[in-house]
Amino acid sequence: MNKVDRNRYKEYIKCANECLANRVYPLSIATGTQDGDIYVDGKGCVLFWHYCGFAYISGDVSEDVLEEVYRNFWVSDTERRFLLITDSEFVSDYYSGIDLLRVDKRIEYTHNGIIDNPPILDDGFIVEHITADNIGDVQGRITPSFSWNDSDMFLRNGFGFMAGSKEDGSFAAVAFSSAVSPEEVDIGVETAETYRRHGLASCLAYKMCEEIIRQGRGPVWAHAETNTGSQKTALSVGFKPIGINTVIQKKP
């Protein structure tokens, strides 16, 4: 597959919209909202590889393409991780049983668009917008740096909320736009281990949904099938499961 020049990314917005497994991550690349790479086979197949490592395929996929993806992105070393997310049985069956790879499941959600019954924030915490002044306080694995190449791009094209302890001002939790498209926003959430079981994830996820809907967009959510904590948070703020995708990645 050939890598597309970034100046041509907008030519692939239609293809990004046709990614049935997920649209927000491919569209975030095609619109130039977030960093990522686009590859094409010249026969209508398009691969979107987001900065965070998530990859999606649009169009007709051949075995030749799947073999090339395997050789170029899993057998070879890449500058960042490569997780292929697909709803295609053909794709998942092709990679199943390969010793180098691990095949998992990922639950995808959509929101009902109703914002009511907000979770009650524990009195010991304060919530604020993520800004240039406090983004350096955000810690953890699923934070803006997970899916945004730099803070400036996040502050310009994304948004989020963070919770801190009233007692000492320490970082407690964050919810942010992990992927942004003209129509949807995918939400990422992280709670510091010290402050878990205070309902912070639900409170911040609710605020994100509220803001996304205010913007006229749709909140989306997804998590590994085994992540029951993320599932509980999603259901608590109005998300409904709409499907299960396959995630293919290199074994540790």
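Taken together, the values in this text are just the output of simple stated rules run on the coordinates, not laboratory data. All of these numbers come straight from a predicted model, not from anything done at the bench. Neighbour counts run over all protein chains shown; Cβ positions are idealised from the backbone, glycine included.
Using only the alpha-carbon atoms, how far is helix 200-214 inclined from the longest principal axis of the chain? Give it as 0 to 90 degrees, nearest 10.
70 degrees
Quick check: the distance between the Cα centres of segment 98-112 and segment 153-175, to the nearest angstrom?
Between the Cα centres of segment 98-112 and segment 153-175 lies a distance of 28 Å.
Mind giving me the nanometre distance, one decimal, between the label points for residue 235 and residue 102, set 7 Å out from Cα along Cα→Cβ?
2.5 nm
Order of 88, 170 from fewest to most other C-beta atoms within 10 Å?
Numbers: 88 16, 170 13.
Placing the least packed residue first, the sequence is 170, 88.
Where does each of 86, 233, 131 land when they are ranked from fewest to most other beta-carbon atoms within 10 angstrom?
On the way: 86 23, 233 26, 131 11.
Final ranking by Cβ density, sparse to dense: 131, 86, 233.
Per residue, what volume in Å³ does the Cα convex hull of the chain take up? Let's see the in-between values first.
Values: hull volume 31.7 nm³, N = 252.
It comes to 126 Å³ per residue, whole-number rounded.
Number of Lys pairs in the chain with C-alpha atoms less than 29 angstrom apart, excluding same-chain neighbours closer than eight positions?
Value for the chain: 23.
For the residue pair residue 127 and residue 77, what label-to-label distance in nm results when each label sits 7 Å from Cα along the Cα-to-beta-carbon direction?
Label at residue 127, label at residue 77, 4.4 nm between them.
Would you calculate a helix-derived [θ] at 222 nm for the chain, using -39,500 (n - 2.57) for each DSSP H run of n ≥ 4 and dividing by the full residue count, to the nearest 500? Spell out each step's value before the answer.
Numbers: 8 runs with 61 residues, N = 252.
The helix-only estimate for the chain comes to -6500 deg cm²/dmol at 222 nm.
Can you sort 176, 159 so the residue with the fewest Cβ neighbours within 10 Å comes first?
Details: 176 28, 159 20.
If I rank by nearby Cβ atoms, fewest first, I get 159, 176.
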